[in-house]
Amino acid sequence: MIEFTTLHVVAAAGGLLVLLGVWRAGARRARAAAEATRSGARLVSLVGRVLFNAGLIVAVQWVVITHPGNPWLLLAVLGLPALFAAYALTRALTVTTVDTSRRRR
């Protein structure tokens with residue numbers, strides 16, 4: 001029969017705690033690495049979508065400019081993307097503040 005002393009039990013519990021800590025630290029590092037990879041992939045995906053949409057807009061504008069005929073169509077093809085770009089830039093560059101200095105009564 002195997003007999004365990006108090007020292008054996010304390011040592012085993014300490015070893016289990018150390019193993020648990022190492023396992024949790026590894027899981028945290030793996031989670032952080034996965035998040036970094038996902039954020040990088042999101043950036044590449046965003047750049048790809050921006051370039052595709054810009055190419056699509058340029059292609060449509062090129063077709064309308066090289067085949068003149070309707071000035072309203074030319075205005076729409078050149079003006080509509082400019083409006084979207086102006087809206088996006090205005091939102092990106094606008095500074096908004098939130099006043100949180102309310103007094104409680």
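Go through the residues of the range 91-102 one by one and say whether even a single one is in contact with a Leu (Cβ under 7 Å, 6 or more places away or on another chain) and either modelled with pLDDT of 75 or more or not in a helix (DSSP H, G or I) (or both).
no
Residues to consider are Arg49, Arg24; find the one that is open to solvent by 100 Å² or more (accessible area, probe 1.4 Å) and at pLDDT below 85.
Going through Arg49, Arg24 in turn, the sole match is Arg49.
Kindly indicate whether Ala86 is in a helix (DSSP H, G or I), surrounded by 10 or more Cβ atoms within 10 Å (Cβ to Cβ) and modelled with pLDDT of 85 or more.
Taking the combined requirement at face value, the residue does not satisfy it.
Only residues that are loosely packed, with under 10 Cβ neighbours inside 10 Å and not hydrophobic (A, V, I, L, M, F, W, C): list them for the range 1-21, please.
Result: Glu3, Thr5, Thr6.
The values are calculated or read from the model by the stated rules, or taken from the named source; none is laboratory data. These figures come from a predicted structure and were not determined experimentally. For neighbour counting, all protein chains shown are included, and Cβ atoms are generated from backbone atoms with ideal geometry for every residue, glycine included. Calculation scope for accessible area: heavy atoms of the full protein, side chains included, ligands and nucleic acids excluded. Shrake-Rupley method; radii C 1.70, N 1.55, O 1.52, S 1.80 Å.
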